[in-house]
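Following: one structure in structure tokens, then a few remarks.
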Amino acid sequence: QMYAEVEGAMLGEYVNGIHWSGERATLAAGLPWFSSGYMRCWGRDTFIAFRGFFLVTGRVKAAKNMLRAFACCVRSGLVPNLLDGAKNPRYNARDATWWWMQALQDFCTLYPVEGLALLREKVPRQDMVFCSVAEIAQEIMQRHADGIDMRDDATDNDMSEEGRWIHIRLDIESGLLYGGNARNCGTWM
């Protein structure tokens, strides 16, 4: 029930006009509330559960497809919190990116042959360019080190203009990331 093919919830045949052969399976963030359609596949929830749900159970192909699906939608160094079939991803979570990075590291550690192949694999991006998963991981780290200022146009219609902006900075002395504002907290953590 938690992992299933759901129409419209994940990547189908095409991502942003590029042919893609990824699975359309998703991991539900919570039943029954997030069980169907665009609200089913959440980045933070998927990658918090990733190690236990996919890796220790040997679901290597499914794990690889989940990592690739979210890699396709990285924007300004952020993994989407809500995938929405890659049609309208939402980026309102600073921590979803780092849960994805941890899941990628765990995949590569537990399945080194498959992990190395995944890092080399090129995936379609929203800007119609193919990049390797390793290049996307590097982009994430570089963008966070440089600081991120991004307007998330896909947030709720009721969101204020201030709430649509995602600001992330790195405290170089402590290594901690921080950001947010009164209208966009960017994390549950």
task: Heavy atoms only, probe 1.4 Å: what % of the accessible area of segment 128-189 goes to carbon and sulfur, would you let me know?
output: 54
task: Excluding residues fewer than 8 places away in the same chain, name every one of the lysines whose C-alpha is closer than 19 Å to that of LYS122.
output: LYS61, LYS64
field: Overall form of segment 62-146 per C-alpha gyration tensor (a/c, 1.5; a/b vs b/c)
entry: rounded
- request: Sort segment 28-83 into rounded, prolate or oblate with this rule: let a ≥ b ≥ c be the square roots of the eigenvalues of the Cα gyration tensor; rounded if a/c is under 1.5, and if a/c is not under 1.5, prolate when a/b is larger than b/c, oblate otherwise.
  value: oblate
task: Kindly write out, for segment 66-74 in residue order, the coupling ³J(HN,Hα) from the Karplus curve 6.51 cos²θ - 1.76 cosθ + 1.60 (θ = phi - 60°), rounded to whole Hz, with x marking Gly and Pro.
output: 5, 4, 5, 4, 6, 4, 4, 9, 4
field: Under 5 Å, built H, 5+ apart or other chain: amide partners of TYR111
entry: none
Dipole axis of segment 97-189 (+1 Lys, Arg; -1 Asp, Glu on Cβ), positive-most option in ILE148, VAL133, GLY186: VAL133
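Determine the per residue accessible area of segment 75-189 with all protein chains present and a 1.4 angstrom probe, expressed in square angstrom. If you can, show how the numbers build up before the last one.
Details: 6130 Å² over 115 residues.
In whole numbers, segment 75-189 has 53 Å² accessible per residue.
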message: Could you sort THR57, THR97 by their accessible area in this structure, using a 1.4 Å probe and putting the largest first?
response: THR57, THR97
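Only Lys, Arg, Asp and Glu count, each charged at its Cβ (+1, +1, -1, -1), so figure out the dipole size of segment 21-139 about its Cα centre, rounded to 20 debye. Don't skip to the end; give the middle numbers.
On the way: 15 positive and 10 negative charges, 44 e Å.
Charge dipole of segment 21-139: 200 debye, to the nearest 20.
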Accessible heavy-atom area order of TYR111, TYR91, highest first, probe of 1.4 Å: TYR111, TYR91
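The values are calculated or read from the model by the stated rules, or taken from the named source; none is laboratory data. As the structure is a computational prediction, the values presented were derived from the model and not from experiment. A quick note on method: Cβ atoms are made from the backbone with ideal geometry, for glycine too, and the neighbour counts reach across all protein chains shown. Note: areas computed on protein heavy atoms with side chains; ligands, DNA, RNA excluded. Shrake-Rupley method; radii C 1.70, N 1.55, O 1.52, S 1.80 Å.
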